[in-house]
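*Asks:* Could you have a look at this structure, given as structure tokens, before my questions?
The values are calculated or read from the model by the stated rules, or taken from the named source; none is laboratory data. These figures come from a predicted structure and were not determined experimentally. Neighbour counts are summed over all protein chains in view; Cβ atoms, including those assigned to glycine, are modelled from backbone coordinates with ideal geometry.
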Amino acid sequence: MDFQKKLNLDIGKVQDTLQSFIRTQITQAGFQHAVVGVSGGVDSALTCFLTAAALGPENVLALRMPYESSSPQSLEHADLVIQATGVNQKTIPITEMVDAFLELVSDTDPIRKGNVMARSRMIVLYDQSAAFDGLVVGTGNKTEVLLGYTTLYGDAACGFNPLGDLYKTQVRQLAGAVGVPEVIIAKPPSADLWVGQTDEEELGFTYEEVDQLLYLLIEEQYSLSSCVEAGFKRSIVEAVVKQIQRTQFKRVMPPIAKISKRTVGVEFLEPPDWSF
């Protein structure tokens, strides 16, 4: 059964909502500027397009942060986004800072190295956000958030996230509508952490397939057996559910042990109106 149609967006409404969200988040925090890490992938490209439209390109800084093994194509595609949106841009390689740390530890595997790279990029983003006097805009989509396919305090870190309620296939829909170059939308998704790495090969299924399954599990609240009856392989359903459960800690703020009457994150969720 094809559930892809249920994932189709009301493009105009979603675009307006996200651009308004970006403006509100920036201004409520007392800023005018935003910083976006532009990798050459569709998620960061769409984020840059939406942020430039919401704030004006002069108020957006796009950062390219290549490592020595990064694909030259990624830099080229990031440049396409920068040129198309007219935003400010800066390129800060992370090779030296990553390698300086890796020299101190001799047993890093590809996953740990990728995490070091992701967290190094976040150091650069937050440093440059201070220099540019802006907020870091997140680029993660709902599929990645649900599957925990992010690096905690790496690419998952941000001031706010406009794409976090859009599945990957919906990101592609909106990207095509706002003018993201087709070469970026059509290429295999990759975190570009090592040569030849692709998201779907690591995950073990395509985004189109998992988005339809996630739609049933999350939006329609299907049971696992109902998902299998709908046509999904039991092995895929079990793998996806296990991934969601195992990575729940990535989707919440660190829990605080309750001692007092009003604990941050429990009773105290946001400051009240303390004006005189």
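*Asks:* Would you check which residues across the stretch 168-191 are in contact with a Leu (Cβ under 6 Å, 6 or more places away or on another chain), under 25 Å from Glu219 (Cα atoms) and not aliphatic (A, V, I, L, M) and list them?
*Replies:* If the condition is that a residue be in contact with a Leu (Cβ under 6 Å, 6 or more places away or on another chain), under 25 Å from Glu219 (Cα atoms) and not aliphatic (A, V, I, L, M), then Thr169, Gln170, Gln173 are the ones that fit.
*Asks:* For the list (1) part of a loop (DSSP other than H, G, I, E, B); (2) touching a residue at least 60 places away in the same chain (Cβ under 8 Å); (3) small (Gly, Ala, Ser), I need the number of the one condition that Ser106 fails.
*Replies:* Result: Ser106 fails condition (2) only.
*Asks:* Here is a list: Leu63, Leu80, Leu9. Which entry is out of contact with any Ser or Thr (no Cβ under 7 Å at 6 or more places or on another chain), outside any helix (DSSP H, G or I) and surrounded by fewer than 18 Cβ atoms within 10 Å (Cβ to Cβ)?
*Replies:* After applying the criteria, what remains is Leu9.
*Asks:* For Thr85, indicate whether it is at negative phi and buried (at least 18 other Cβ atoms within 10 Å of the Cβ).
*Replies:* Considered against the rule, which asks whether it is at negative phi and buried (at least 18 other Cβ atoms within 10 Å of the Cβ), Thr85 comes out as yes.
*Asks:* Hey, could you check the stretch 100-126 for residues that are surrounded by 13 or more Cβ atoms within 10 Å (Cβ to Cβ) and charged (D, E, K, R) and say which is farthest from the chain's Cα centre (by Cα)?
*Replies:* Among residues in the stretch 100-126 that are surrounded by 13 or more Cβ atoms within 10 Å (Cβ to Cβ) and charged (D, E, K, R), the one farthest from the chain's Cα centre (by Cα) is Lys113.
*Asks:* For the stretch 174-201, which positions are modelled with pLDDT of 70 or more and not in a loop (DSSP other than H, G, I, E, B)?
*Replies:* Those that are modelled with pLDDT of 70 or more and not in a loop (DSSP other than H, G, I, E, B): Leu174, Ala175, Gly176, Ala177, Val178, Glu182, Val183, Ile184, Ile185, Ala186, Glu201.
*Asks:* Looking at this structure, is Gly30 of a type in the set (Gly, Ala, Ser), over 22 Å from Thr150 (Cβ atoms) and in a helix (DSSP H, G or I)?
*Replies:* no
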